[in-house]
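Worksheet: one structure, shown below.
Taken together, the values in this text are just the output of simple stated rules run on the coordinates, not laboratory data. Only a predicted model underlies this, so the values are computations on that prediction, with no experimental measurement involved. All Cβ positions, glycine included, derive from the backbone under ideal geometry; neighbour counts span all protein chains shown.
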């Protein structure tokens, strides 16, 4: 195998994005054959002993792209210090070390992309690429057109005004409204906070769309591998192409 830059090797191993790997190199966390690595250094993972935090990295894994329908009660991390269930517990039979792209909180369900393609994960997570996420929210109270317009124009939160969104009320049942909302930012608990800022608490939240990916025929807790055409489309999207 030909020599490649260390940050590319680390990203290919699914440990981090290239940018994060560069930071690790600068922080002295990476070594090659017993010597501290330098930014821009090249190596051959088939020949050289490359360590990150004194742990050897293996040869690059096969790139894996998974769409999971996350149930409520799972945290979107690789490990949880509180001992709660993590989303990778659901990936029975998947040997590659995949990581979530973005987050869904403990009480939010729905579509979650996982991959060991660090560069793609970083691009899809960055707000400048405007990757759309669509949610179905059940809120307490009656959503009216005025509230929908505010959601669409942007809502002032403690971390600033949200970007324009698409919102519609799909139905009303008793004292609840069902709201379909599409955003492209990735702020923490954004949909919940947007609704709460307008006086509507969210009693259920489900992500039903990620970019062009939908939950069709994917039961709660189930996952599937992306098709080659879907992977190519995601990469085009991450490169700023439609």
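Miscellaneous remarks
- The range 98-242, relative contact order in percent, only Cα pairs under 8 angstrom and at least six apart counted: 31 percent
- Sorted by Cβ neighbour density within 10 Å, fewest at the top, the residues 223, 200: 223, 200
- Between residue 89 and residue 235, full extension at 0.36 nm per residue minus the direct alpha carbon distance yields a gain of 49.9 nm.
- For the chain, the relative contact order is 20 percent, taking Cα pairs closer than 8 Å that sit 6 or more residues apart in sequence and dividing their mean separation by the residue count.
- Peptides 11-20, 39-48, 24-33 ordered by average Cβ neighbours within 10 Å, highest first: 11-20, 24-33, 39-48
- Global form of the range 4-56, assessed from the alpha-carbon gyration tensor, a/c cut-off 1.5: rounded
- Rounded if a/c under 1.5, otherwise prolate or oblate - the range 85-184, Cα gyration tensor axes: oblate
- In terms of its alpha-carbon gyration tensor, the chain comes out prolate; a/c meets the 1.5 threshold, and the first ratio a/b outweighs b/c.
- Fewest-first ranking of 212, 129, using other Cβ atoms within 10 Å as the exposure measure: 212, 129
- Expected 222 nm ellipticity per residue - DSSP helices of 4 or more, -39500 (n - 2.57), all of the chain, to 500: -6000 deg cm²/dmol
- With neighbours defined as other Cβ atoms within 10 Å of a residue's Cβ, the residues 169, 195 order from fewest to most as 169, 195.
- Relative contact order of the range 4-56, defined on C-alpha pairs under 8 angstrom at six or more residues apart (%): 35 percent
- DSSP bridge orientation in the chain - percent antiparallel, rounded to nearest 5: 90 percent
- Subtracting the Cα-Cα distance of residue 126 and residue 198 from 0.36 nm times their residue separation leaves 23.3 nm of extension gain.
- Length added when fully stretched, residue 185-residue 72, from 0.36 nm per residue minus Cα-Cα: 38.5 nm
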